[in-house]
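See structure below.
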Amino acid sequence: MTESSEDREARLRAEVEDAPAISADTYRGISRRSFLTAGAAVAGGMLGFYGLQKRPEIDNIPDITRRAHQLNERIWSATFREGHLAPTFAPSESSILRVNGRIGIRSEIDLDSWSLEVQAPDGSLIGTHTLAEIQALPKHEMIIEHKCVEGWSQITTWAGARFSDLQSWYPEHADTAYIAMETPGGDYYVGNDRATMDHPQTLLVYEMVGEPLDQEHGAPLRLATPLKYGIKQLKRIGVIRFTDEPPADYWAERGYDYYAAL
Ligand SMILES: Nc1nc2c(c(=O)[nH]1)N[C@H]1C(S)=C(S)[C@@H](COP(=O)(O)O)O[C@H]1N2
Ligand SMILES: [Mo]
């Protein structure tokens, strides 16, 4: 007999609540199942695709997607309780990523006039930063596997500053539930949860495989984290906003799972 979606949700919630630390095997099983849930959400989302395009608010995401979102939020925080670190790889396994996704970055930008805008939850501007300021933060390198929801993955080398180090410039907003990011002009936009953004493997990247990031890969500054699918890793960051509301998210609005967690 197949389990109903309500029963499955209840069972997964119980697994999360009963176990302060879940085993790696359980985690992989849950990830697989939540991926299947995301797949169903995508199928559901496609049916209403044209309707969805006209409705930019997260509140209008179909019910099935919203439920997957809430469930994933619970499971996701459980993985952080066990101090989960994504695997890293040898330099010999690493290569330059294929270019995928050009929304909001189709035109060239003048890298010298770029600056990063930081906004408070009400949208007011509270800081602007040059690339040199970001590069003055401690530099971290990681060789990780980048995964795309379209079904490919590739190992690459990222270098940049930890988001948590930029966050230390804004201690008054260090506890917001979400961080929103947008390309300059706002054509591509994502929301990421606080636990992901605070994670040591979440970087504001300005180099790939030892070279300055090129425009197609998100120059001058992009997000990289092995904890999320590529859709959440915004290239060419123009604006960062601290917020307690789930930020508008380009692919979530088109039916993908909001958390897009790995
Ligand atoms: N601005 C912007 N960022 C984006 C995208 C996009 O279309 N526009 N696509 C995302 C997706 S789906 C993936 S898989 C990665 C791909 O990064 P890459 O081109 O460096 O491989 O960028 C992500 N960030
Ligand atoms: Mo992707």
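Less than 15 Å from a label point 7 Å out along the Cα-to-Cβ axis of ARG98: which backbone N atoms in the stretch 218-237 qualify, by residue?
Those under the cut-off are 230-231.
Between ASP122 and ILE109, what is the spin-label point distance in nm, taking each point 7 Å from the Cα along the Cα→C-beta axis?
Calculated label separation equals 2.6 nm.
With a 1.4 Å probe and every protein chain kept in, tell me what percent of the accessible surface of the stretch 61-254 is carbon plus sulfur.
Details: 3990 of 8210 Å².
Here carbon and sulfur together make up 49 percent of the probe-accessible area.
Please get the size of the charge dipole for the stretch 61-254, origin at its Cα centre, with Cβ charges of +1 on Lys and Arg and -1 on Asp and Glu, quoted in debye to the nearest 20. Walk me through the numbers on the way to the answer.
Working: 18 positive and 28 negative charges, 115 e Å.
Roughly 560 debye for the stretch 61-254.
Explain nothing, just compute: Karplus ³J(HN,Hα) = 6.51 cos²θ - 1.76 cosθ + 1.60, θ = phi - 60°, for every residue of the stretch 246-262 in order, whole Hz, x for Gly and Pro.
x, x, 3, 9, 3, 7, 4, 5, 9, x, 7, 4, 4, 6, 6, 8, 9
Apply the Karplus curve 6.51 cos²θ - 1.76 cosθ + 1.60, θ = phi - 60°, to the phi angles in the stretch 188-201 and return the couplings in whole Hz, x for Gly and Pro.
Listing the rounded values in order: 10, 8, 9, x, 10, 6, 4, 4, 4, 5, 7, 5, x, 9 Hz.
The values are calculated or read from the model by the stated rules, or taken from the named source; none is laboratory data. Because the structure is a prediction, the values reported are computed rather than measured. FYI the Cβ positions are ideal-geometry reconstructions off the backbone, even for glycines, and counts take in every protein chain you see. Areas reflect the complete protein model, heavy atoms only, side chains present, ligands, DNA and RNA absent. Shrake-Rupley method; radii C 1.70, N 1.55, O 1.52, S 1.80 Å.
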